[in-house]
Ligand code: MN
């Protein structure tokens, strides 16, 4: 197992910090009156990549790379640029670096920074690739015998979502209105959702564009990095709309991502295999190496003005399909994939009750209310609830973390059409 690398940024040399020198995740931040710009997290600081480039210490290409406040240009450069950039950042920030004096002038404390979307989302796709989640949800809706749809063990099922409602952590939104239909009424009504939920996921970001089918190995190499992702879901809207074409408005309100993209290379020491399969995959989706990652994940819920409770703990290695297999499947009918495409893993649940990555599963469809540390109970999310996803791969003496992905559910608008 790799060891923690030592940086001259003292706060990076701790066993608990999410951002040691081994990590170097990519974000976009602003500080005081400055324009937003690309930065890399190191300890409790951010290295301002634009300023570092202007000061002549960070120039991985002949062209300026950091004049836009998005990581898309870097992503488009592909694996050799990612690796060159990472090597250079390691040189700048390592203990004893000759660039320390210049780099020190490019640091901003994370506590003083505002985080923005780290990349422009080209398109957003969400999968349903966690076996425990699919089994739990299937059991609730169709019974234990028919829990997994017949195609499930053969391919990662997904739907095309909205890139326009992917927001960076800290962006709050109102509880959605939608068509709800209860079984005891003949007609639906347009009302605020009553069964509003989160989904704990990881998002894979496509770095390299492609045209036509990709092998799993090619797909793996085209992935730039990963973020935490919360696929906010209105279960009552979903229940009425989802047949036969899948979720639509239930998932359209918001998708939150962590502000930091952890590059694939930083996660490689934690690579692991997908679980054992009882049905062999077709050749174009077969595993060709360890492409999942051992990343501990947790979900915390804080009612408005109250302390937070940890409501779920699980691990990304529980997924049945890797992001590489999802991307290979996504491209298999010929669809071009673009720089900035975001692929949600699907809800990451584990085998036990405390490993469930959504309220739908934690409260078993609302039938078993969850008790919080404050003594309150929850079946679904209430107005003012703040939900935090957190995750990190655990090394021997360090973590490779994502930081937090946070969002608060604000009350539904009184009249959603009033302003039009
Ligand atoms: Mn989802």
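The values are calculated or read from the model by the stated rules, or taken from the named source; none is laboratory data. Please read these numbers as outputs of a predicted model, since none were measured by experiment. Backbone-built Cβ (ideal geometry, glycine too); neighbour counts: all protein chains shown.
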Practice task
Kindly indicate whether any position in region 394-404 is assigned by TED's automatic domain parsing to the domain that holds residue 162, within 29 Å of residue 156 (Cα to Cα) and within 16 Å of the ligand (Cβ to nearest atom).
Solution key: no
Problem - region 160-173, residues that are surrounded by 16 or more Cβ atoms within 10 Å (Cβ to Cβ), out of contact with any helix residue (DSSP H, G or I) (no Cβ under 7 Å at 6 or more places or on another chain) and more than 15 Å from residue 117 (Cβ to Cβ) - result: none
Handout entry: Qualifying residue in region 384-394 (condition: in a loop (DSSP other than H, G, I, E, B), buried (at least 22 other Cβ atoms within 10 Å of the Cβ) and at positive phi)
Key = no
Exercise for the section: Could you tell me whether region 189-199 includes any residue that is within 16 Å of the ligand (Cβ to nearest atom) and not in a loop (DSSP other than H, G, I, E, B)? Expected result: yes
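When the residues of region 348-361 are filtered to those that are within 15 Å of the ligand (Cβ to nearest atom) and part of a helix (DSSP H, G or I), which remaining residue is nearest to residue 301 (Cα to Cα)? Before the answer, list the steps.
Initial filter on region 348-361 (within 15 Å of the ligand (Cβ to nearest atom)): 348-349, 356-361.
Filter again for part of a helix (DSSP H, G or I), leaving 359-361.
Values: 359: 11, 360: 15, 361: 15 Å.
Among residues in region 348-361 that are within 15 Å of the ligand (Cβ to nearest atom) and part of a helix (DSSP H, G or I), the one nearest to residue 301 (Cα to Cα) is 359.
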Problem - Unique match (being more than 16 Å from the ligand (Cβ to nearest atom) and surrounded by 23 or more Cβ atoms within 10 Å (Cβ to Cβ)) among 332, 345, 322, 309 - result: 322
Practice task
Please work out which one of (1) without any contact (Cβ under 8 Å) to a residue 40 or more places away in the chain; (2) over 30 Å from residue 21 (Cβ atoms); (3) more than 16 Å from the ligand (Cβ to nearest atom) is the condition residue 273 fails and give its number.
Solution key: (2)
Practice task
Within region 237-265, work out how many residues are away from the ligand (no atom under 16 Å from the Cβ) and buried (at least 24 other Cβ atoms within 10 Å of the Cβ).
Solution key: 6
Problem - Selection status of residue 340, under 18 Å from the mean Cα position of the chain (by Cα), at positive phi and at pLDDT 95 or above - result: yes
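Could you check, for region 178-186, whether at least one of its residues is under 26 Å from the mean Cα position of the chain (by Cα), away from the ligand (no atom under 16 Å from the Cβ), outside the structural domain of residue 74 (by TED's automatic domain parsing) and not in a loop (DSSP other than H, G, I, E, B)? Walk me through how you get there before you give the answer.
Quick first cut of region 178-186, residues under 26 Å from the mean Cα position of the chain (by Cα) only: 178.
Within this subset, residues satisfying the condition of being away from the ligand (no atom under 16 Å from the Cβ) are 178.
Narrowing further to those that are outside the structural domain of residue 74 (by TED's automatic domain parsing): 178.
Now drop any that are not not in a loop (DSSP other than H, G, I, E, B), which leaves 178.
Checked against the condition, which is being under 26 Å from the mean Cα position of the chain (by Cα), away from the ligand (no atom under 16 Å from the Cβ), outside the structural domain of residue 74 (by TED's automatic domain parsing) and not in a loop (DSSP other than H, G, I, E, B), region 178-186 yields at least one hit.
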Exercise for the section: Test residue 137 against the stated conditions and say whether it is surrounded by 14 or more Cβ atoms within 10 Å (Cβ to Cβ), assigned by TED's automatic domain parsing to the domain that holds residue 207 and under 27 Å from residue 76 (Cβ atoms). Expected result: no
Handout entry: For residue 285: the one exception among (1) over 23 Å from residue 222 (Cα atoms); (2) in contact with a helix residue (DSSP H, G or I) (Cβ under 6 Å, 6 or more places away or on another chain)
Key = (1)
Completion exercise
The residue from 207, 212 that alone is surrounded by fewer than 24 Cβ atoms within 10 Å (Cβ to Cβ) and touching a helix residue (DSSP H, G or I) at 6+ places or on another chain (Cβ under 9 Å) is 212
Fill in the blank from the handout: Filtering region 174-186 down to residues that are surrounded by fewer than 19 Cβ atoms within 10 Å (Cβ to Cβ) and touching a helix residue (DSSP H, G or I) at 6+ places or on another chain (Cβ under 9 Å) yields 179, 181, 182
Handout entry: Pairs, first in the same structural domain as residue 298 (by TED's automatic domain parsing) and farther than 30 Å from residue 26 by Cβ in region 337-363, second within 16 Å of the ligand (Cβ to nearest atom) and part of a strand (DSSP E or B), C-beta under 7 Å, six or more apart
Key = 354/312; 356/312; 359/197; 360/197; 362/312
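Out of all the residues in region 82-96, is one or more in contact (Cβ under 8 Å) with a residue 40 or more places away in the chain, in a loop (DSSP other than H, G, I, E, B) and surrounded by 16 or more Cβ atoms within 10 Å (Cβ to Cβ)? Spell out how you get there, then give the answer.
First, pick out the residues of region 82-96 that are in contact (Cβ under 8 Å) with a residue 40 or more places away in the chain: 82-83, 86, 89-90, 92-96.
Pick out the ones that are also in a loop (DSSP other than H, G, I, E, B) and you get 95-96.
Next, only the ones that are surrounded by 16 or more Cβ atoms within 10 Å (Cβ to Cβ) stay: none.
Checking region 82-96: not a single residue is in contact (Cβ under 8 Å) with a residue 40 or more places away in the chain, in a loop (DSSP other than H, G, I, E, B) and surrounded by 16 or more Cβ atoms within 10 Å (Cβ to Cβ).
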Fill in the blank from the handout: In region 98-134, anything surrounded by fewer than 19 Cβ atoms within 10 Å (Cβ to Cβ) and touching a helix residue (DSSP H, G or I) at 6+ places or on another chain (Cβ under 6 Å) is listed as 120
Handout entry: Subset of region 118-168 (residues that are assigned to a loop (DSSP other than H, G, I, E, B), within 15 Å of the ligand (Cβ to nearest atom) and over 19 Å from the mean Cα position of the chain (by Cα))
Key = 152
Handout entry: Criterion (under 28 Å from residue 163 (Cβ atoms), within 20 Å of the chain's Cα centre (by Cα), crowded, with 22+ Cβ neighbours inside 10 Å and at pLDDT below 95) met by exactly one of 407, 403
Key = 403
